Amino acid sequence: MTTTDPRPTGESTDAERARRGTGTRGTRAVGIATIVAMVWLVAFGLGFSPEDRDQRESVRLLYVHVPTIWLAYLAFIVTAIGSAMYLFTKKKSLGWDRLAGASAEIGTVFVAVTLVVGALWGRLTWGVFWQWDARLTTTALLFVTYVGYLAVRRLGGTHEQRARRSAVIGLIAVLEIPLVHWSVRLWRSLHQEATVLDTDGDIDMDGLMLFSLFVGVVAFSLLYAWLLMHRTRAMAMEDLLDDHGLDEALAARRAEDDTLPAAAETAANPASDPASESKGAS
């Protein structure tokens, strides 16, 4: 008795599995939660939340502007943690380096969003897109610093050399975060001081405004987690591709998805096992 594989060719199977990308049940669950949170953010940010007495409708930009810079801070702190774990642990696992690199990429994108949305807010509030204000300038410097960090990661050398030099920069660059956050108090600034993370502990915001801001933080936190999971897995495949080629990278990716489902299918239907069929045929 002979059996035929219903799948067309091995090449098309590889293509099909490659199209799955880096998704898993976990990433899909986080992705769905992210979409739901984003829908809530749009509903509350544009619909339910009232306009501000002074800033009018432009206050709605803050529901994106504030969460993205907070999540950028978090992303760069994660980069520093991953860098420290790579440098100061005995194992020197490249997983920490991938975590640091992936988090820095996402944080850099979030800072870019912060700058763009902040420029729009400035145009509506101050009448100009840009001022060489302390907060704006230090945030732009933070962005340039991490663009430089990502450029260093692209330099030649082994994975270990890349991880070592990137880790040093990651630990130094994170020191800019306090400078950015406290810049409005260190120098005269047009930018308003912190509304929520204020040292005085007073939160001068309408209840729905505060809730909309909270929804924004949750939504962008989920987005950060979803992107981080995908990007770290993609980086692992890229490293495997560099070391062993496309076939082994695809095989490692397939093994992660197919081992358990294949074992479960074989256990549930022993007759479908090729080994069993060959024995029956003999």
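The values are calculated or read from the model by the stated rules, or taken from the named source; none is laboratory data. This structure is a prediction, so every number in the text was calculated from the model and none was measured. All Cβ positions, even for glycine, are placed from backbone atoms using ideal geometry, and neighbour counts span all protein chains on display.
Criterion applied to 41, 62, 87, 71 was being at pLDDT 90 or above, assigned to a helix (DSSP H, G or I) and either in contact with an Asp or Glu (Cβ under 9 Å, 6 or more places away or on another chain) or within 18 Å of residue 221 (Cβ to Cβ) (or both), and the one residue passing it is 71.
How do the pairs read when you match residues in region 208-221 that are over 12 Å from residue 60 (Cα atoms) with residues anywhere that are assigned to a helix (DSSP H, G or I) and at pLDDT below 80, using Cβ under 6 Å and keeping only pairs 6 or more apart or on different chains? Filtered contacts from region 208-221: 215/44. Are any of the residues in region 114-122 within 19 Å of residue 225 (Cα to Cα), modelled with pLDDT under 95 and within 19 Å of the chain's Cα centre (by Cα)? Yes; the residues of region 114-122 include at least one that is within 19 Å of residue 225 (Cα to Cα), modelled with pLDDT under 95 and within 19 Å of the chain's Cα centre (by Cα). In this structure, is residue 150 out of contact with any Pro (no Cβ under 8 Å at 6 or more places or on another chain) and within 23 Å of residue 219 (Cβ to Cβ)? Here the answer is no, as residue 150 does not meet what is asked. A Cβ distance below 9 Å, combined with a sequence gap of six or more or placement on separate chains, defines the contacts here; from region 152-168, residues that are touching a residue at least 12 places away in the same chain (Cβ under 8 Å) and surrounded by fewer than 16 Cβ atoms within 10 Å (Cβ to Cβ) reach no residue that is hydroxyl-bearing (Ser, Thr, Tyr) and outside any helix (DSSP H, G or I).
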